[in-house]
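Structure, as structure tokens:
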Amino acid sequence: MIILEEYKGHLTQDGKRPKTIESYVSDVKGLLNYLQEMGAAFDGIISRFYITSYKNHLLEENYEPTTINKKINSFQSFNEYLIDRGYMDRDAKWDGVIDNI
């Protein structure tokens, strides 16, 4: 997916370490795959509903709270990237709304 490659480049330019980049991109890819499986095509916007749904899915799959919280942090970074690049409107920003576990 092109947007993930662009996001990866953004993280690199931002000075993130290779393992951090790998982790963030993997987390976002997992979310986008989940959305696709649920029939919700990614259109450049990630709603709070999608994040909450995925968080609940991870809980049902018995992911550790620390793992889920790390993924939420990755999604917040991706959310900021989407806003900065004009894919999402700043008014659609949801960080601080999705509670960590």
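The values are calculated or read from the model by the stated rules, or taken from the named source; none is laboratory data. No experiment lies behind these values; they were computed from the predicted model shown. Because the Cβ atoms are built from the backbone with ideal geometry, glycine has one as well, and the counts that use them run over all protein chains shown. The protein model used for the area step is the full one, side chains on, heavy atoms only, and it has no ligands, DNA or RNA in it. Shrake-Rupley method; radii C 1.70, N 1.55, O 1.52, S 1.80 Å.
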Got the relative contact order for the chain handy, in percent, Cα pairs under 8 Å and 6 or more residues apart? 30 percent
Helix-only CD estimate at 222 nm, as mean residue ellipticity for the chain, using -39500 (n - 2.57) per DSSP H run (n ≥ 4): -21500 deg cm²/dmol
When ligands, DNA and RNA are left out and all protein chains stay put, how many square angstrom of accessible area per residue does the chain have with a 1.4 Å probe? 61 Å²
Could you order the peptides 1-14, 42-55 from most to least packed, using the average number of other C-beta atoms within 10 Å per residue? 42-55, 1-14
Heavy-atom accessible area of the chain with neighbours in place, 1.4 angstrom probe: carbon+sulfur share in percent works out to 46 percent
May I ask you to derive the FRET efficiency for residue 59 and residue 83 from their Cβ-Cβ distance with R0 = 41 Å, giving the value to the nearest 0.05? 0.95
Can you pull the one-decimal nm distance between simple spin-label points at residue 5 and residue 90, each 7 Å off the Cα toward Cβ? 3.1 nm
